[in-house]
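Asker: Quick one: structure below, then a few questions.
The values are calculated or read from the model by the stated rules, or taken from the named source; none is laboratory data. Predicted model only: the values in this text are computed from it and were never measured. Please note: Cβ atoms are built from the backbone with ideal geometry, for glycine as well, and neighbour counts cover all protein chains shown. Side chains included, ligands, DNA and RNA excluded: accessible areas come from the protein's heavy atoms. Shrake-Rupley method; radii C 1.70, N 1.55, O 1.52, S 1.80 Å.
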Amino acid sequence: MLKKSFLPLSAIIGLLTAWETTSRLFDIPSWILPAPVAIFQEAIQSWDNYRHHLLSTISLTISGLVIGITIGIAIAIMLHLMPRVREAVYPLLIMSQNIPIIVLAPLLVIWFGFGILPKLLIIILVCFFPITVAMVDGLRQTSPELVHYMKMAGASKKQIFTKLELPHAIPQMFSGLKISATYSVMGAVISEWLGAQNGIGVYMTLASSSFRTDRVFVAIFFIMLLCMLLFAVILLLEKYLLKWRPSQEESS
Amino acid sequence: MSKLVLEQIEKGFDEQLILADLSFGVNDGEFVSLLGPSGSGKSTIFHLIGGLYQPDQGTIYLNGQDIVGKKGSISYMPQTPALLPWRTILDNVMLGAELAHQPDRNQAIHMLRRAGLAEYSNRYPHELSGGMKQRAAFVRSLLSPQPFICLDEPFSALDEFTRLEMQKWLLSIWEEERPSVLFVTHNIEEAIFLSDRIIVLGSKPAQVIKEFDITFNRPRTEDLTLTNEFLAIKKEIFQTLRGVLDD
Ligand SMILES: Nc1ncnc2c1ncn2[C@@H]1O[C@H](COP(=O)(O)OP(=O)(O)OP(=O)(O)O)[C@@H](O)[C@H]1O
Ligand SMILES: [Mg+2]
């Protein structure tokens with residue numbers, strides 16, 4: 001573990017050092033590119049100024065993500081249990097993903113105003129799709145061999161679903177979850193850009209319009225951190241739930 | 001008691017007749033092998049008995065009851081182990097029982113011990129060798145509530161040494177419990193070593209060509225496979241099968 005993280009860590013440190021030295025050497029104005037140390041100082045100094053923004057974004061992201069995951073799983077199961085509906089709806093679902101969320105957002109604001117609802121909707125819209133697609137595939141790709149055994153053993157449709165298809169789809173669901181988690185933070189920030197009182201997105205807009213580039217970087221840093229934290233939580237959950245899987249070394 | 005009778009079964013897929021006028025039976029506590037060329041329809045027979053397909057004609061009786069189209073009437077072991085990768089071996093062997101009612105955990109542990117899998121009961125299938133997986137799959141079929149057991153080429157994917165070990169192990173368990181078994185194999189020697197009776201099937205469409213009663217005493221040991229009587233029967237069956245293939 002320590003060995004594995006050594007290379008990327010030294011790359012990050014190298015990058016930061018190069019950044020710091022060049023901005024000092026060439027005296028780059030801080031409104032164009034602030035140096036890392038300056039950004040770090042700003043992050044500590046104005047913690048009290050942006051803390052509530054951060055908390056607001058975190059709670060928005062997590063609520064949207066949880067609802068999105070729930071809806072995504074529910075839709076996947078529904079589509080799986082109703083193959084005719086799946087045939088009809090699945091292509092529509094894929095097509096809907098060609099609409100960039102950023103163009104949908106103003107529409108949602110027109111329809112639902114500036115409250116929490118349109119913001120949640122944006123996050124839900126970006127979150128549910130990766131899970132639904134991954135899980136529908138996972139449910140469908142159950143090994144025919146195992147289905148065959150279950151049928152011969154007299155398993156009912158419900159038993160085949162709960163004991164075979166659902167557990168089989170869990171690994172795929174997790175690959176969908178990882179994508180959704182990263183999307184959810186992006187969705188939250190975009191939704192805040194459209195109009196909100198609080199949130200990292202708001203903080204970012206304010207900072208950029210007053211040329212406080214250091215604050216923009218602070219915002220970017222926290223967005224990355226939030227993404228990574230969500231990702232880590234999902235990885236941990238995956239590791240715990242899927243401990244039956246052969247480890248990477250064995251399977252490759 | 002469990003007794004299986006197939007009466008004048010006919011089954012075709014897309015115009016092609018696979019089984020025609022096929023009749024045979026397995027008596028209570030009897031070990032019967034089906035021997036036939038690849039593609040002759042042996043697995044199809046199991047699928048009919050298992051209720052996965054309906055025969056075009058004929059009836060299947062288990063203990064006098066018509067089981068045509070009834071799933072879950074027999075306990076079944078497929079050619080591949082078909083263990084669920086996310087279940088431990090213990091949870092896997094209880095699956096068959098679990099589908100019908102509450103499984104008996106203690107009995108499962110006891111059977112795993114007898115299969116030499118005690119230390120592996122909390123491992124996952126990918127941690128076991130091919131032979132161990134097959135043993136687990138066999139324990140699962142023994143623990144299933146249905147007394148009649150159908151085994152579809154359970155050892156064909158194993159190497160020669162493991163296969164012999166598995167045959168001896170299977171016999172030792174079977175000789176204690178004496179369930180009725182219908183066993184499918186390509187391997188003549190395996191069929192003779194294990195069975196009370198061998199049914200040779202012809203192909204396209206499959207029908208019973210000849211039956212052989214194997215009367216060697218039990219318990220059987222592997223020395224049996226080297227005796228003249230054994231070789232004589234092997235030769236006879238081989239010639240019957242060759243006749244089937246030449247047609
Ligand atoms: N569901 C199906 N649809 C169409 N044809 C089928 C189906 N199942 C089996 N068959 C055909 O029936 C024939 C017999 O198949 P089966 O699997 O029963 O043979 P087998 O004797 O078990 O062969 P093997 O020893 O190789 O396992 C084959 O020609 C196969 O193509
Ligand atoms: Mg077969």
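Asker: Go through segment B:60-78 and give me each residue that's outside any strand (DSSP E or B) and either on the phi > 0 side of the Ramachandran plot or more than 9 Å from every other protein chain (Cβ to nearest Cβ) (or both). Give the steps one after another, and end with the answer.
Answerer: Taking segment B:60-78 and keeping what is outside any strand (DSSP E or B), we get B:63-64, B:67-74, B:78.
B:ASN63, B:GLY64, B:ILE67, B:VAL68, B:GLY69, B:GLY72 - these are the residues of segment B:60-78 that are outside any strand (DSSP E or B) and either on the phi > 0 side of the Ramachandran plot or more than 9 Å from every other protein chain (Cβ to nearest Cβ) (or both).
Asker: For B:ILE67, all conditions in the list (1) more than 16 Å from ligand 1 (Cβ to nearest atom); (2) buried (at least 20 other Cβ atoms within 10 Å of the Cβ); (3) in contact (Cβ under 8 Å) with a residue 24 or more places away in the chain hold save one; what is the number of the exception?
Answerer: (3)
Asker: Within segment B:37-59, can you find the residues that are at positive phi, within 14 Å of ligand 2 (Cβ to nearest atom) and open to solvent by less than 30 Å² (accessible area, probe 1.4 Å)?
Answerer: Going through segment B:37-59, the residues at positive phi turn out to be B:39, B:41, B:51, B:58.
Adding the requirement that they be within 14 Å of ligand 2 (Cβ to nearest atom) leaves B:39, B:41.
Hit for segment B:37-59 is B:GLY41, nothing else.
Every residue, every condition in (1) within 16 Å of ligand 2 (Cβ to nearest atom); (2) at pLDDT below 90, yes or no:
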residue: B:TYR76; (1), (2): yes, no
residue: B:THR80; (1), (2): yes, yes
residue: B:PRO85; (1), (2): no, no
residue: B:GLN102; (1), (2): no, yes
residue: B:ASN106; (1), (2): no, no
residue: B:LEU112; (1), (2): no, no
residue: B:TYR124; (1), (2): no, no
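Asker: As an exercise: evaluate B:ALA82 against (1) more than 9 Å from chain A (Cβ to nearest Cβ); (2) crowded, with 22+ Cβ neighbours inside 10 Å; (3) farther than 15 Å from B:VAL5 by Cα and give the number of the one condition it does not meet.
Answerer: (1)
Asker: Now a separate question. Of all the helices (runs of 4 or more DSSP H) wholly in segment A:168-252, which have at least 2 residues that are away from chain B (no Cβ under 14 Å)? Talk me through it step by step, then tell me what you get.
Answerer: Working: elements: A:200-209, A:213-241, A:248-251.
It comes to A:200-209, A:213-241.
Asker: Please verify whether B:ILE192 is surrounded by 12 or more Cβ atoms within 10 Å (Cβ to Cβ) and without any contact (Cβ under 8 Å) to a residue 24 or more places away in the chain, treating the condition exactly as stated. Show your work before the answer.
Answerer: Working: surrounded by 12 or more Cβ atoms within 10 Å (Cβ to Cβ): yes; without any contact (Cβ under 8 Å) to a residue 24 or more places away in the chain: no.
Judged against the criteria, B:ILE192 is not a match.
Asker: Based on this model, can you work out whether B:ILE173 counts as more than 11 Å from chain A (Cβ to nearest Cβ) and closer than 25 Å to B:ALA191 by Cα?
Answerer: Working: more than 11 Å from chain A (Cβ to nearest Cβ): yes; closer than 25 Å to B:ALA191 by Cα: yes.
So B:ILE173 passes the test.
Asker: Just name the residue that is least open to solvent (accessible area, probe 1.4 Å) out of those in segment A:110-120 that are on the phi < 0 side of the Ramachandran plot and without any contact (Cβ under 8 Å) to a residue 24 or more places away in the chain.
Answerer: Just the residues of segment A:110-120 that are on the phi < 0 side of the Ramachandran plot, to begin with: A:110-112, A:114-120.
After this cut, where a residue has to be without any contact (Cβ under 8 Å) to a residue 24 or more places away in the chain as well, the list is A:110-112, A:115, A:117.
Numbers: A:ILE110: 129, A:TRP111: 158, A:PHE112: 90, A:GLY115: 38, A:LEU117: 90 Å².
In this case the residue turns out to be A:GLY115.
Asker: Does segment B:146-162 hold any residues that are closer than 20 Å to B:GLY116 by Cα and away from ligand 1 (no atom under 16 Å from the Cβ), and which are they?
Answerer: If the condition is that a residue be closer than 20 Å to B:GLY116 by Cα and away from ligand 1 (no atom under 16 Å from the Cβ), then B:ASP159, B:GLU160, B:PHE161, B:THR162 are the ones that fit.
Asker: Checking the conditions here, which among B:MET132, B:MET111, B:MET94 is out of contact with any Cys (no Cβ under 8 Å at 6 or more places or on another chain), free of Cβ contacts under 8 Å to residues at least 60 places away in the same chain, more than 9 Å from chain A (Cβ to nearest Cβ) and under 21 Å from B:PHE31 (Cβ atoms)? If you could, list the steps in order and put the result at the bottom.
Answerer: Details: B:MET132 fails: under 21 Å from B:PHE31 (Cβ atoms); B:MET94 fails: under 21 Å from B:PHE31 (Cβ atoms).
Residue meeting the stated conditions: B:MET111.
Asker: Which residues, taken from segment B:1-59, are within 16 Å of ligand 1 (Cβ to nearest atom), under 18 Å from the mean Cα position of the chain (by Cα) and of a type in the set (Lys, Arg)?
Answerer: Within segment B:1-59, B:LYS42 is the sole residue that qualifies.
Asker: Filter segment B:17-32 for residues that are in a strand (DSSP E or B), of a type outside the set (Ser, Thr, Tyr) and touching a residue at least 24 places away in the same chain (Cβ under 8 Å) and give the result. First the steps, then the outcome.
Answerer: Taking segment B:17-32 and keeping what is in a strand (DSSP E or B), we get B:17-26, B:31-32.
Next, from what is left, pick out any that are of a type outside the set (Ser, Thr, Tyr): B:17-22, B:24-26, B:31-32.
Once the filter is applied, which keeps residues that are in a strand (DSSP E or B), of a type outside the set (Ser, Thr, Tyr) and touching a residue at least 24 places away in the same chain (Cβ under 8 Å), segment B:17-32 yields B:LEU17, B:ILE18, B:LEU19, B:ALA20, B:ASP21, B:LEU22, B:PHE24, B:VAL26, B:PHE31, B:VAL32.
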